[in-house]
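Working notes for the structure below.
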Amino acid sequence: MITMQTRKILALATLLAGAAGTHASAATLESVTQRGALRCGVNLELAGFAKANSLGEYSGFDVDICRAVASAVFNDREAVEMVPVSSGDRFTALQSGALDILSRNTTWTLARNAQYGEFVGVNFYDGQGFMVNKSSGIRSSLELDNQPICVSSGTTSELNAADFFSVSDMRYNPVFFDDQSLAAAGYKDGRCKAVTTDRSALAALRTSLPEPDAHVVLPEVISKEPLGPVVSSDDPAWENVVRWTLNCMINAEELGVSSLNIDQMADSSTPSIQRLLGKDGDAGELLGLHPDWCSRVIMQVGNYGEVYDRHIGPDTPIGLARGINELWTNGGLIYAPPVR
């Protein structure tokens, strides 16, 4: 039985937690707004996901998540500072406050969620694989017994590969590197028979090799790799800003709203579209943003499908079919809660 004294203690704890949450909730959005730019951690270099040109200007699938949040907050997709971080220092940078968002092909796992921050959703469903030179004659990952494998240490790739070799009753012969870019360079230099990481990253690496057609990603998918943006765990309101920016892009594709037709769609009488574009409801107010926050995202960056097709889709050098990254309405896993 809960005593009256216990009820009072619980009520006080709830009140204090609510006050603390309100204080924390304004912290990141307020500091970002005062700074005038979002700080976003991205990959050092991963074609299609995050890569800088000769002027140091970043573009890519993960980069556009950062630009989308900047659009929602500032109505300016360029109000973002891209901070390249390695796989080894990405979580340290996030926890230190050097980043407002980590958008760097990062796998959502229990340990990472508990130790480093909050994953706001999945923007790409991936799986780990292996890539080899066709001249090796290897056609299956089950033929990699005791072969040197280039892998980035301290990553899920390292652990997944060890699990795969263990359950396959093969000898695991890893060659460790401090970052995936270094592991890729090791493979390119012939230090390993194969390189392992997420299959999307292998597809990106393949395009950067002197003879892409000389390399093949083996058919086996050895893990689940739900990739998504991460924020600090101490600011639930900022977490919601980033989460619902991603959800805005996904819902926009599902509802047929794109950067090309948003002006026409603004006059739609469909209730879900009216709410998405800020014509009805109080979504912007609840997030601490302008009522047009989602419209800004779609207009300046695009919906989920536009971003996918622009950077990693079938008509890009990366050439990734949507597959399980199709909308749920098309048989895929991409699904967002409703804006209402």
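Dipole magnitude for the chain: computed about the Cα centre from +1 point charges on Lys and Arg Cβ and -1 point charges on Asp and Glu Cβ, it is near 500 debye. Specify which labelled value, from [x] 21.9; [y] 21.1; [z] 16.7, agrees with mean projected area of the Cα convex hull in nm² derived from the coordinates of the model shown. Computed from the coordinates, mean projected area of the Cα convex hull in nm² corresponds to [y].
Placing dummy labels 7 Å off each Cα toward the beta-carbon, the span from Leu110 to Asp189 is 3.8 nm. Per-residue Karplus couplings for segment 121-138, computed as 6.51 cos²θ - 1.76 cosθ + 1.60 with θ equal to phi - 60°, are listed in order as x, 10, 9, 7, 8, 10, x, 7, x, 10, 10, 9, 6, 4, 5, 5, x, 7 Hz, Gly and Pro entered as x. In a Gaussian network model over the chain where Cα atoms closer than 10 Å are linked, find which of Ser233, Ser141, Ser166 has the largest mean-square fluctuation. Among Ser233, Ser141, Ser166, the largest mean-square fluctuation in the Gaussian network model of the chain belongs to Ser166.
For segment 255-267, the Karplus equation 6.51 cos²θ - 1.76 cosθ + 1.60, evaluated at θ = phi - 60°, returns couplings of 8, x, 9, 9, 5, 7, 10, 4, 5, 6, 5, 4, 9 Hz by residue, with Gly and Pro reported as x.
Here the calculated FRET efficiency for Ser233 and Glu57, from their Cβ-Cβ distance with R0 = 35 Å, stands at 0.70, rounded to the nearest 0.05.
Read the figures in this text as sums done on the coordinates, not as results from a lab. This structure is a prediction, so every number in the text was calculated from the model and none was measured. No Cβ is skipped: glycine too gets one built from the backbone with ideal geometry, and neighbour counts run over all protein chains shown.
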